[in-house]
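Here is the structure we will look at.
The values are calculated or read from the model by the stated rules, or taken from the named source; none is laboratory data. The structure displayed is predicted, hence computed values, not measured ones. All Cβ positions, glycine included, derive from the backbone under ideal geometry; neighbour counts span all protein chains shown. Just so you know, the surface numbers come from the protein's heavy atoms only, side chains and all, with ligands and any DNA or RNA stripped out. Shrake-Rupley method; radii C 1.70, N 1.55, O 1.52, S 1.80 Å.
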Amino acid sequence: MNSPAVDIATILQTAGVGTIGTDLFVSGQPADPNACVTVIDTGGFPPESNYRYDYPTVQVLIRGVKNTYITTYAVAESVKTTLNGYANTEVDSEVTMVGVWAMGDIMALGTDERERPLFSVNFRMQRQT
């Protein structure tokens, strides 16, 4: 079974938000490319083993090119729109995504050392294995 971050990255790739390994990453945000989306596993809530349900959480980090706050925010909005309310879909042969919900709105994190805008959106989900 994939990590929840891999499942979320797969959903984002299918929706056209990015390409895994090019501008969409799992676990760690590389120094380049400038504009990218990174999905990180952040734990979650206790599973229901009797029903084969997991309740993981992920953080999605969105980074843009220097001086592209508005464009980068639009990518974050696309991530939020794609994932919030995503439901009842088989991600792969082992996992059905019962639902994905934003845990809050888009958060501006300022800029990094290269003055690239940074945003974050956190999600909780229910997966059935």
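For this structure, a couple of remarks:
- Against the list (1) over 13 Å from residue 116 (Cα atoms); (2) of a type in the set (D, E, K, R); (3) free of Cβ contacts under 8 Å to residues at least 40 places away in the same chain, the condition residue 32 fails is (1).
- Taking the criterion of being in contact with a helix residue (DSSP H, G or I) (Cβ under 9 Å, 6 or more places away or on another chain) and part of a loop (DSSP other than H, G, I, E, B), the residues of region 80-125 that qualify are 86, 91, 92, 95, 105, 106, 116.
- When residues of region 11-28 are limited to those that are polar (S, T, N, Q) and more than 12 Å from the chain's Cα centre (by Cα), the one nearest to residue 66 (Cα to Cα): 22
- Single condition residue 113 does not satisfy, out of (1) in contact (Cβ under 8 Å) with a residue 12 or more places away in the chain; (2) loosely packed, with under 13 Cβ neighbours inside 10 Å: (1)
- The lone exception for residue 82 - which of (1) surrounded by 16 or more Cβ atoms within 10 Å (Cβ to Cβ); (2) closer than 26 Å to residue 32 by Cβ; (3) in contact with a Pro (Cβ under 8 Å, 6 or more places away or on another chain); (4) of a type outside the set (Asp, Glu) it fails: (3)
- Filter result (within 13 Å of the chain's Cα centre (by Cα) and surrounded by 19 or more Cβ atoms within 10 Å (Cβ to Cβ)) within region 116-129: 119, 121, 123, 125
Residues are listed down the side, and each one gets a yes or a no for (1) in contact with a Ser or Thr (Cβ under 7 Å, 6 or more places away or on another chain); (2) touching a residue at least 40 places away in the same chain (Cβ under 8 Å); (3) not basic (Lys, Arg):
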{"position": "13", "(1), (2), (3)": "yes, no, yes"}
{"position": "18", "(1), (2), (3)": "no, no, yes"}
{"position": "52", "(1), (2), (3)": "yes, yes, no"}
{"position": "87", "(1), (2), (3)": "no, no, yes"}
{"position": "92", "(1), (2), (3)": "no, yes, yes"}
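- Applying the set (1) open to solvent by 60 Å² or more (accessible area, probe 1.4 Å); (2) over 14 Å from the mean Cα position of the chain (by Cα); (3) free of Cβ contacts under 8 Å to residues at least 60 places away in the same chain to residue 108 leaves exactly one unmet item: (1).
- Scanning region 22-73 for residues that are closer than 29 Å to residue 95 by Cβ, open to solvent by less than 60 Å² (accessible area, probe 1.4 Å) and not in a strand (DSSP E or B) yields 23, 28, 30, 33, 35.
- Just so you know, in region 87-103 the residues that are modelled with pLDDT of 95 or more and open to solvent by 40 Å² or more (accessible area, probe 1.4 Å) include one that is nearest to residue 20 (Cα to Cα), and it is 101.
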